[in-house]
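A short write-up of the structure that comes next.
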Amino acid sequence: MVLSASPSPARAAGSPEAAGQSERSPFARLTELLAPHQPGEKLINLSLGEPQHPIPGFVGEVLARHTAEFGRYPMAKGIAPFREAAAGWLARRFTLPRTPDPETEVLVLNGSREGLFLAAVAAARYVGSRSGTPAILMPNPFYPAYAAGARAAGCEAVFLPTTRANGFLPDLESLDAATLARTVAIFIASPANPQGSVASSDYYAKLKQLADRYGFLILSDECYSEIYTREAPGSALQAAGDDFRNVAVFQSLSKRSNLPGMRVGFVAGDAGFLKAYHELRNVAAPQVPVPLQHVAIAAYADEAHVEENRRLYRLKFDLADQILGSRYNYQRPAGGFCLWLDVSAYGGDEAATVKLFREGGVRVIPGSYLARPQPDGSNPGAGYIRVAMVQDSETTAEALHRLVRILD
């Protein structure tokens, strides 16, 4: 078994490595890496996973109809029509044992990042004492909110390397009983950020068996579930049983509907956990403005803009297939909108990132910045760059051509 744990809070405070790098935003580190350099050509930013496709046409109209509701304090749990819309969308999109109860099994979120962060804190309180130091497991590389949430919860972050060898998903077979007995929760992302790997129904079923056996929560980040080019990814709720026990899934409109600035998402699943989670959010988290919830209701009722969104990403992955071929161990991802390119033969991830920026004006992010070192010193993200395919097709094609020209 290969695991990595975060340093204790006391040691982290005085650790140059922890204080200087591993706890910091990967984007802040990227800015510092590139600060001494100027882009060699007109800048193309592919480092930030910020969708650039048009927002749905109904957004302005819905906001205009509900502008007066900016004058009300929103309910922390979300208005009933929003929770009903989210529950209905889940039931239509995924093959679930039943439709989640909008009253007890769905909560609005101020974007999924806030939701994922606070979920770790709520999970630690809800699950209670563990056999040993409480731990929160997560893939490595990982979304930074996972580790930040574990730290805030007072739990040890245990990093599970996701590599080509294990299909870029945490190896569940590698988890020993001692680790599982002290686990509070596990973060799982499918499609994964950055690699785009997708968990199978069998994988979710195995994870659910472990959660039930050892009494921990599955916090399933499914924000990229609607970005795929072939088969639609499944959900952890599909393996959660009729009561959704020990499972909470997180969704967002940022990727699905190109609304990253709206900051609306939801969590759905285990009613007992969501009750405790709501009690925490009710005093600690920002509410979601009611007009924005009405936009979300309209978004979850419409699939045409989502299908168009997928079509645009599909075109860009077609370009990647043509331009990259088999270079950099490129394989078309099952989901998400990022490329995970192996540049270990081109000087490594930091060197390749600087070269692409300095010579070609292409801004990507080193894979090692998205991960943490394992106990043996290896970093599962080292040697890779993440390329976010968020620009239009013409710009994307130009960036990929520059990438090949500069690295080759």
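The values are calculated or read from the model by the stated rules, or taken from the named source; none is laboratory data. Quick caveat, the model's predicted, so the values are computed rather than measured. Neighbour counts are summed over all protein chains in view; Cβ atoms, including those assigned to glycine, are modelled from backbone coordinates with ideal geometry. Accessible surface is based on the protein model in full, side chains and every heavy atom, while ligands, DNA and RNA are left aside. Shrake-Rupley method; radii C 1.70, N 1.55, O 1.52, S 1.80 Å.
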| said: Given the DSSP H assignment, sum -39500 (n - 2.57) over each helix run of at least 4 residues in the chain and divide by its residue total; what's the result at 222 nm in deg cm²/dmol, nearest 500? | reply: -11500 deg cm²/dmol
| note | Listed residues Leu237, Leu217, Leu33; largest mean-square fluctuation, Gaussian network over the chain with Cα springs below 10 Å, found at Leu33
| Positive-end residue of Leu217, Ala236, Ala189, charge dipole of the chain with Cβ unit charges | Leu217
| Cα centre as origin, Lys/Arg/Asp/Glu Cβ charges: the range 195-262 dipole, Debye | 120
| request: Let me know the shape class of the range 172-321, please: from the alpha-carbon gyration tensor, a ≥ b ≥ c as square roots of the eigenvalues, rounded when a/c is under 1.5, otherwise prolate if a/b is greater than b/c, or oblate. | output: oblate
| query | Given the Cα-Cα distance of Arg213 and His401 and 0.36 nm per residue of separation, how much length would full extension add, in nm? | reply | 62.7 nm
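With an 8 Å Cα cut-off and a minimum separation of 6 or more residues, compute the relative contact order for the chain in percent.
25
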| message | Can you give me the distance in nm between label points at Gln331 and Leu280, each placed 7 Å from the Cα along the Cα-to-Cβ direction? | response | 3.5
| field | Residue among Arg363, Arg314, Arg213 with the largest mean-square fluctuation in a Gaussian network model of the chain, springs linking Cα atoms under 10 Å | value | Arg213
| task | Could you name the lysines whose alpha carbon sits less than 25 Å from that of Lys355, not counting residues in the same chain fewer than 8 places away? | result | Lys42, Lys316
| query | Given a 1.4 Å probe, how much area per residue of the range 155-313 is accessible, in Å²? | reply | 32
| said: Looking at the chain as a GNM with Cα springs under 10 Å, which of His294, His278, His37 has the largest mean-square fluctuation? | reply: His37
| request: Just check the chain against the gyration tensor rule for me: Cα atoms, a ≥ b ≥ c as the square roots of the eigenvalues, rounded for a/c under 1.5, and otherwise prolate or oblate depending on whether a/b exceeds b/c. | output: oblate
| request: Counting only GluC sites (Glu not before Pro) that are in a DSSP loop and have at most 16 other C-beta atoms within 10 Å, tell me the longest site-free stretch of the chain. | output: 104-230
| remark: Averaging 1/r across every pair of distinct alpha carbons in the range 150-242 and inverting yields a Kirkwood hydrodynamic radius, in angstrom, of 14.0
| remark: Interchain or sequence-distant (5+) residues whose placed amide H lies within less than 5 Å of the amide H of Asn379 are Gln374
